[in-house]
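Q: Right, I'll just put the structure down here and ask away after.
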Amino acid sequence: MSIPYAMINAYGDGPFTGNPAAVLVIEQDQLRDPQLQQIAAEMNVSETAFIYRGATNNQFQLRWFTPQVEVNLCGHATLASAHYLYHFGIVPTDITIHFHTLSGELVVSLHDGVLRMRLPQESPVACSAPSDLITALGVIPRAVSKNRMDYIVELADEQDVRQLQVEFSLIAGLDARGVVVTSRADDPSIDIVCRTFYPRIGIDEDPVTGSAFCALAPYWMKRLRNNTILKVVQLSIRGGSATLMLEDEIVIQEGSCFVWAEGSLHI
């Protein structure tokens, strides 16, 4: 069996930037779940996306796997999946794509060459910081919140976020998918910065995390009351950026993607 695939950098505009996702378009029942997990482990990037063809040319089922587990929500691999469908001509560029996922229907469209993705808000609520979280980060947070997925930790400034060295084993033991660390940006053309850590699901530090932006957008909009649009930069080694907006219970994310490899899997 030969299955085409592409490696796509999401929230980046060239090779070696953004967050890489492997994307495959498959038929229903073509592969069993254990095979999907094996492929994701073999790809060994933070997420492998499997797109199932639907009844119409713009309706698809979408699933995401880390090298270790299937996840409920992944922003960068959704953006990459839409880019795959547009780039390879599976969906015309003037058509909106609807993905049916474990987090409901996710919608992506293309505007002047920029992908615009609509994901659910994941607003965090203020909480007490577990002692292991403080120990793992080695700094005193300005504020700690939590949503259904992650701890959101605000630090004093961008330098604290950049210099952070974490104990992954302690983060993996927390009662959360992972930890999102954030602060205001030093650069006045950027609003906020962040880094994200997910050792519990096999990703020590994620390059760029769309699902984390679903928490950061409502979190920072409340604090930056004059802002209706946020520019976020993720300070991973690879780096990446997005523009965020809120609409009702939706976080609109705009970002770019780049196809840096393509080929076929032989199973």
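Q: Criterion first (under 16 Å from the mean Cα position of the chain (by Cα) and farther than 19 Å from Pro141 by Cα) does Thr228 satisfy it?
A: Against the criterion (under 16 Å from the mean Cα position of the chain (by Cα) and farther than 19 Å from Pro141 by Cα), Thr228 does not qualify.
Q: Still on this model: Filter segment 7-22 down to the residues that are part of a strand (DSSP E or B) and not hydrophobic (A, V, I, L, M, F, W, C), then identify the one that is nearest to Ala49 (Cα to Cα).
A: Residue satisfying both the conditions and the ranking: Pro20.
Q: Taking the stated definitions as given, is Leu85 under 20 Å from the mean Cα position of the chain (by Cα), more than 28 Å from Arg148 (Cα to Cα) and in a strand (DSSP E or B)?
A: no
Q: Here's a follow-up. Of the residues that make up segment 208-220, is at least one among the aliphatic types (A, V, I, L, M) and part of a strand (DSSP E or B)?
A: No, that holds for no residue.
Q: Another question, then. Exactly one of (1) under 15 Å from the mean Cα position of the chain (by Cα); (2) within 24 Å of Gly104 (Cα to Cα); (3) surrounded by fewer than 24 Cβ atoms within 10 Å (Cβ to Cβ) is unmet by Gln253. Its number?
A: Among (1) under 15 Å from the mean Cα position of the chain (by Cα); (2) within 24 Å of Gly104 (Cα to Cα); (3) surrounded by fewer than 24 Cβ atoms within 10 Å (Cβ to Cβ), Gln253 violates only (3).
Q: Is it the case, given these coordinates, that Leu79 is of a type outside the set (Phe, Trp, Tyr), under 30 Å from Ala172 (Cβ atoms), surrounded by 13 or more Cβ atoms within 10 Å (Cβ to Cβ) and assigned by TED's automatic domain parsing to the domain that holds Gln59?
A: yes
Q: Name the residues in segment 66-92 that are farther than 20 Å from Val259 by Cβ and in contact with a Ser or Thr (Cβ under 7 Å, 6 or more places away or on another chain), would you?
A: Across segment 66-92, the qualifying residues are Thr66, Asn72, Leu73.
Q: Another one. Hey, Ile39 hits all of (1) surrounded by 15 or more Cβ atoms within 10 Å (Cβ to Cβ); (2) of a type outside the set (Phe, Trp, Tyr); (3) assigned to a loop (DSSP other than H, G, I, E, B) but one; which does it fall short on?
A: Checking Ile39 against (1) surrounded by 15 or more Cβ atoms within 10 Å (Cβ to Cβ); (2) of a type outside the set (Phe, Trp, Tyr); (3) assigned to a loop (DSSP other than H, G, I, E, B), the one that fails is (3).
Quick grid of which residues meet (1) among the small types (Gly, Ala, Ser); (2) closer than 22 Å to Ala77 by Cβ; (3) touching a Pro at 6+ places or on another chain (Cβ under 9 Å):
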| position | (1), (2), (3) |
| --- | --- |
| Val125 | no, no, no |
| Ser183 | yes, no, no |
| Asp187 | no, no, no |
| Ile190 | no, no, no |
| Tyr198 | no, yes, no |
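Q: Those residues that are farther than 19 Å from Glu154 by Cα and surrounded by fewer than 20 Cβ atoms within 10 Å (Cβ to Cβ), I need them from segment 187-203; list them, please.
A: Ser189, Arg200, Ile201, Gly202
Q: Still on this structure: Mind counting the residues in segment 168-198 that are touching a Ser or Thr at 6+ places or on another chain (Cβ under 7 Å) and either in a loop (DSSP other than H, G, I, E, B) or not aliphatic (A, V, I, L, M) (or both)?
A: Here the count works out to 4.
Q: Restricting to segment 122-171, what's the tally of residues that are of a type in the set (A, V, I, L, M, F, W, C), within 27 Å of Pro188 (Cβ to Cβ) and over 19 Å from the mean Cα position of the chain (by Cα)?
A: Of the residues in segment 122-171, 8 are of a type in the set (A, V, I, L, M, F, W, C), within 27 Å of Pro188 (Cβ to Cβ) and over 19 Å from the mean Cα position of the chain (by Cα).
Q: Can you find even one residue in segment 64-76 that is modelled with pLDDT of 95 or more, polar (S, T, N, Q), within 19 Å of Ala6 (Cβ to Cβ) and outside the structural domain of Ser236 (by TED's automatic domain parsing)?
A: The answer is no; no qualifying residue exists.
The values are calculated or read from the model by the stated rules, or taken from the named source; none is laboratory data. On a predicted model such as this, the values are computed, not experimentally measured, just so you know. Here Cβ is always computed from backbone atoms with ideal geometry, including for glycine, and neighbour counts include all displayed protein chains.
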